[in-house]
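In what follows, a single structure is set out as structure tokens and then discussed.
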Amino acid sequence: MTPADSIDFARSSIYVLLEIITPAMLTALVVGLGIGLLQALTQIQEMTLVFVPKIIAIFVVLLIALPFAGAAMNGLMTDIAQRIAAY
């Protein structure tokens, strides 16, 4: 295996990681922003108020995105196995 192949493996792994984690990160961003805006408008300064809705929202999004994440990881593993078998 050449250094270019190693870099290509790393690059494709990072792309798959970004594809898998993007829905959860965007959900955390939107829910956190919404709760923060609600706290600013109502002047409720409870620090723990943000965590429960954010955790529930991320959990629901991860459950919905689980088949997509599995397919992305399966595609990456298939590509890696094919490259290994080609050597």
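All but one of (1) part of a helix (DSSP H, G or I); (2) over 21 Å from the mean Cα position of the chain (by Cα) hold for Ile44; which doesn't?
With respect to (1) part of a helix (DSSP H, G or I); (2) over 21 Å from the mean Cα position of the chain (by Cα), Ile44 is out only on (1).
Given the conditions (1) within 14 Å of the chain's Cα centre (by Cα); (2) closer than 30 Å to Met1 by Cα; (3) among the aromatic types (Phe, Trp, Tyr), and given that Tyr87 satisfies all but one, which numbered condition is not satisfied?
Checking Tyr87 against (1) within 14 Å of the chain's Cα centre (by Cα); (2) closer than 30 Å to Met1 by Cα; (3) among the aromatic types (Phe, Trp, Tyr), the one that fails is (1).
Within segment 1-32, count every residue that is outside any helix (DSSP H, G or I) and β-branched (Val, Ile, Thr).
1
Scan Met73, Met1 and give me the residue that is surrounded by 13 or more Cβ atoms within 10 Å (Cβ to Cβ), in contact (Cβ under 8 Å) with a residue 24 or more places away in the chain and not polar (S, T, N, Q).
Numbers: Met1 fails: surrounded by 13 or more Cβ atoms within 10 Å (Cβ to Cβ).
Going through Met73, Met1 in turn, the sole match is Met73.
I'm told Ile35 meets every condition in (1) farther than 30 Å from Ala86 by Cα; (2) not acidic (Asp, Glu); (3) not in a helix (DSSP H, G or I) except one. Can you identify the failing condition by its number?
For Ile35, the exception is condition (3).
When you go through Ile58, Ile44, Ile35, Ile21 one by one, which is the residue that is closer than 24 Å to Met77 by Cα and not hydroxyl-bearing (Ser, Thr, Tyr)?
On the way: Ile58 fails: closer than 24 Å to Met77 by Cα; Ile44 fails: closer than 24 Å to Met77 by Cα; Ile35 fails: closer than 24 Å to Met77 by Cα.
One residue alone meets the criteria, Ile21.
Here's the yes/no breakdown for (1) surrounded by fewer than 10 Cβ atoms within 10 Å (Cβ to Cβ); (2) without any contact (Cβ under 8 Å) to a residue 12 or more places away in the chain; (3) not hydrophobic (A, V, I, L, M, F, W, C):
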position	(1), (2), (3)
Tyr15	no, yes, yes
Gly34	no, yes, yes
Gln45	yes, yes, yes
Val61	no, no, no
Ala69	no, no, no
Tyr87	yes, no, yes
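Read the figures in this text as sums done on the coordinates, not as results from a lab. The shown structure was predicted, so the numbers you read here are calculated from the model rather than taken from an experiment. Note that each Cβ is placed from the backbone with ideal geometry, even for glycine, and that neighbours are counted across all protein chains shown.
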